[in-house]
Each structure stands twice: as structure tokens, then as C-alpha cells.
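Contents: one structure, followed by commentary.
Just so you know, all these numbers are worked out from the coordinates, no wet-lab data involved. If you're wondering where the values come from, they're calculated on a predicted model, not measured in any experiment. Please note: Cβ atoms are built from the backbone with ideal geometry, for glycine as well, and neighbour counts cover all protein chains shown.
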Amino acid sequence: MKIYSLKPIKIFIKRLANKLGYDIRRIPKPGSSSIAREYELVYPVANYSPWNKDKSFQSMLAAIKGFTLVDKYRCFEIWKLIEQISKLKKGSIIEVGVWRGGTGALIAKQAKNCGIEEKVFLCDTFAGVVGRY
Ligand SMILES: C[S@@+](CC[C@H](N)C(=O)[O-])C[C@H]1O[C@@H](n2cnc3c(N)ncnc32)[C@H](O)[C@@H]1O
């Protein structure tokens, strides 16, 4: 008996729904462990989306795709924070927890855009979260 994969059909239906302005997502099963309950997809209800109008942010977001675990909403928060701190006294920037460098690159790009000349330091254990406290 030949077994067919449903994956291409699922992809087709999702793409069709997207074209029609809908988004189909699987609802995660409620987890029983505390770690499973700590993670779920977040659906913000606000609709003010200034990141869509920021071309420089959009191009950076595309550039760091696959290199960050941080969603676009939080990336935009970081982006705006860098803009705000550029108005403060001089000082270097440090990111603790870099993973593949996505937000680090975003920070460095925006620092340059905003005229921050000091160094941007990126540091990581490169061994995940170390120890328990
Ligand atoms: C959620 S990831 C960072 C996300 C990253 N900023 C991005 O753009 O996706 C967390 C990172 O923090 C690092 N890390 C965890 N504990 C740390 C520590 N005590 N000092 C430095 N880095 C740490 C891990 O190795 C991991 O790469």
C-alpha cells in the first residue's frame, strides 16, 4: 500500500488561506509539564504596527531571519530603544545572550544608523544557560 504525505496539501491550503487574508495555525496542546506551559504562540491584539513603515527595520529583519529567536515585535522594541539611547550620553552597548547574532546585528545596525560611534559588545557562553542558581 502506498502512503501519501499530507504535507503538500497542508502547505497548499495554508498558502491559499494566506492569499485570501486568513492565517491557519495549529493550536498547541496544553502541556502538562511546567516547561510546556511556559511556551505558547502569542497573538497580540493591538493593531498599531509601526514596524511595517520602517523600511530600514524591515530590511534588517529580513537580513537576520534564521539568526534570531526573537520575534519581530521584540526586535522592533530593541530597534527603538537603540534610537532612544542614542540621545543619552556616550557609552558602549553590550548584549548578553547572542545565540546566532541576529539581535546583535540589529543593535549594531541601528547604533550605526543613529550615529552611535562606541563599540557594540556581544557576549555569550556559547553553551546555553549555564548552571542553576
Ligand atoms: C534566547 S538566546 C539569545 C537570543 C539572541 N539575542 C537572538 O537574537 O536570538 C539566549 C542566549 O543566551 C546565552 N546565555 C545564557 N546564559 C548566559 C550567560 N550567563 N552569559 C552569557 N550568555 C548566556 C545562551 O548561550 C544563548 O545563546
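For Lys90, what is the net charge nearby, where nearby means another residue's Cβ is under 12 Å from its Cβ and Lys, Arg count +1, Asp, Glu -1?
My count for the surroundings of Lys90 gives +1.
Based on Cβ point charges of +1 for Lys and Arg and -1 for Asp and Glu, what charge dipole magnitude is obtained for the chain about its Cα centre, in debye rounded to the nearest 20? Mind dumping the intermediate values first?
Details: 24 positive and 11 negative charges, 132 e Å.
Using only the charged Cβ atoms, the result is roughly 640 debye.
Based only on Cα atoms, what mean projected area does the convex hull of the stretch 7-123 have, in nm²?
So the mean shadow area of the Cα hull is 10.2 nm².
Once every DSSP H run of n ≥ 4 in the chain is given -39500 (n - 2.57) and the sum is divided by its residues, what mean residue ellipticity at 222 nm do you get, rounded to the nearest 500 deg cm²/dmol?
Numbers: 5 runs with 53 residues, N = 133.
Value at 222 nm, helices only, nearest 500: -12000 deg cm²/dmol.
Expected output is a single nm value to one decimal: the length gained when fully extending between Lys19 and Glu40, i.e. 0.36 nm times separation in residues minus the C-alpha distance. What is it? Display every interim value, and only then the final one.
Working: separation 21, 0.36 × 21 = 7.56 nm, distance 2.54 nm.
Between Lys19 and Glu40, full extension yields 5.0 nm more.
Relative to the longest principal axis of the chain, what angle (0 to 90°, nearest 10) does the C-alpha long axis of helix 72-85 take?
10
For the chain, take the longest principal axis of its alpha carbons; what is the angle in degrees between that and the long axis of helix 102-113, to the nearest 10 within 0 to 90?
The angle comes out at about 40 degrees.
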